[in-house]
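Written out below as structure tokens is the structure these notes cover.
The values are calculated or read from the model by the stated rules, or taken from the named source; none is laboratory data. Note that the structure is predicted; figures quoted are calculated from it, not measured. When we count neighbours, we look across all protein chains shown, and the Cβ atoms used for this are built from the backbone with ideal geometry, even at glycine. Note: areas computed on protein heavy atoms with side chains; ligands, DNA, RNA excluded. Shrake-Rupley method; radii C 1.70, N 1.55, O 1.52, S 1.80 Å.
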Amino acid sequence: MKTIIIALSAFVLLSFSEEKQIVKASQNMEISIASSFSLVNDTKEKVSIYTGTGFVSLNKGSKTSITCNTGKEVRWANKGRKGDVIFKITSDMCGKTIKLSKVMD
């Protein structure tokens, strides 16, 4: 009786175990290692921006971390409302520190 229970237990464990799958990645796939980048307010004014996930006020010289969602837009903010687009997030920004004055152009 014990051997039957042990055999059934082993069979159940083997039948429900996960199979490993190997997935081949496309050569054209773009992979981002870093999950965020820093945006530094190097302008002479306090600014408010919308980062794609929330509103942030940046004093002169301060910085914020922004999630690296490629293709998302970072916008000006005015009284809790989204404004004009400052720039779109690109994969080459991930893991770096970006100056606001450089992306404002």
### Candidate set from segment 36-53 (those that are assigned to a loop (DSSP other than H, G, I, E, B) and among the polar types (S, T, N, Q)); member that is modelled with the lowest pLDDT
THR53
### Query
Inside segment 67-88, can you point out the residues that are within 11 Å of the chain's Cα centre (by Cα) and either open to solvent by 30 Å² or more (accessible area, probe 1.4 Å) or charged (D, E, K, R) (or both)?
THR67, ASN69, THR70, GLY71, LYS72
### Task
Name the residue, out of SER17, SER91, that is at pLDDT below 95 and open to solvent by less than 50 Å² (accessible area, probe 1.4 Å).
SER91
## Note on the structure
Within segment 53-66, the residues that are among the hydroxyl-bearing types (Ser, Thr, Tyr), touching a residue at least 24 places away in the same chain (Cβ under 8 Å) and open to solvent by less than 70 Å² (accessible area, probe 1.4 Å) are THR64
### Task
For segment 39-66, name all the residues that are over 12 Å from ILE86 (Cβ atoms) and touching a Gly at 6+ places or on another chain (Cβ under 9 Å).
VAL40, ASP42, PHE55
